[in-house]
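A short reminder: the numbers here are calculations on the coordinates, not readings from a lab. Note that the structure is predicted; figures quoted are calculated from it, not measured. Positions of Cβ are backbone-derived with ideal geometry, glycine not excepted, and every protein chain shown enters the neighbour counts.
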Amino acid sequence: MRRELMVVLLVLLAGCSGLNGGAPSTQPTETTSVVPTTTSSPSNTTPTGATPSNTVIYTALSDTEQQAFDAAKQRATGFAPDSVRESPYVNRTYFPTDAKAVFQNHEFVQKNGSYYQLSWDAGPTLATYDIQVTEQQPSENASVVALENLSSEVREPVQKAIENGSYDTPFGKWDSLPESLSNADFVRANGTHYKLDVIAGDFWADEMRAEPVE
């Protein structure tokens, strides 16, 4: 009787303690959740006032126009005709006049997703002087100067005017009319008198700047 009770107790204890394999564990397993990542791209926000009609794309510009625009991001960039650009005193520091038309017709340039606003101003004055001479006898009160007494910067241009009837100084050669010419009515060369007439021609280059739009 006591042995049978012991067997029953052992069976009951085995079932409760899981000695015969027991019940599966109910502990939760740890799981790792994956959070999706997002990649942000640069924002090409169109600035206020910029429209497709007043904006030109950089890649649509010619090589010369691109060079002019890139220069305008660094400094005021001027445009001038060949007669100005080819002067040795200007040394092609200006871009051709026909390269400015596309910029004057637009207010913005878009390059690599960035916008630049264009602005214009008048550049420094470049002067040229047309020296005209006419063989003529001076009056008593006229101011006469001998060719050899003219300053070296003036003597050669006047000599060329005597030889050809007139002479145009290159743009930028003189910032202003030399005093020796402004005070002389006549010049005497090889015993002949010539009446001097000097006509100034000024040129102001259109200068462009390109400022980034924040």
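Details
- Using R0 = 41 Å, the C-beta based FRET efficiency linking Glu148 and Gln117 works out to 0.15.
- Gain in span if fully extended, Thr45 to Thr59, counting 0.36 nm per residue against the direct Cα distance: 3.2 nm
- Here the simple spin-label model places points 7 Å from the Cα toward Cβ, and for Asn164 and Thr134 these points are separated by 2.1 nm.
- Between Ala205 and Gly123, Leu126, the built amide H atoms are under 5 Å apart, and every one of these is 5 or more places off in sequence or on another chain.
- Electrostatic dipole magnitude of the stretch 127-203 [Cβ: Lys, Arg +1; Asp, Glu -1; Cα centre; debye, to 20]: 160 debye
- Eligible lysines near Lys160 by straight Cα distance, threshold 25 Å, same-chain separation 8 or greater: Lys173, Lys195
- When the GluC sites (Glu not before Pro) in the stretch 138-206 are filtered for DSSP coil states and for at most 12 other beta-carbon atoms within 10 Å of their beta-carbon, the remaining sites are Glu140.
- Taking a ≥ b ≥ c as the square roots of the eigenvalues of the Cα gyration tensor, an a/c ratio of 1.5 or more together with a/b larger than b/c marks the stretch 127-203 as prolate.
- Listed by chain and number, the lysines whose C-alpha is less than 21 Å from the C-alpha of Lys73, apart from same-chain residues fewer than 8 away, are Lys100, Lys111.
- Simple label model, 7 Å out from Cα along Cβ direction - Thr192 to Lys73, nm: 5.9 nm
- Here the Karplus relation 6.51 cos²θ - 1.76 cosθ + 1.60, evaluated at θ = phi - 60°, turns the backbone of the stretch 141-156 into coupling constants of 8, 6, 8, 10, 10, 6, 3, 5, 8, 6, 4, 4, 5, 9, 4, 5 Hz, with x for every Gly and Pro.
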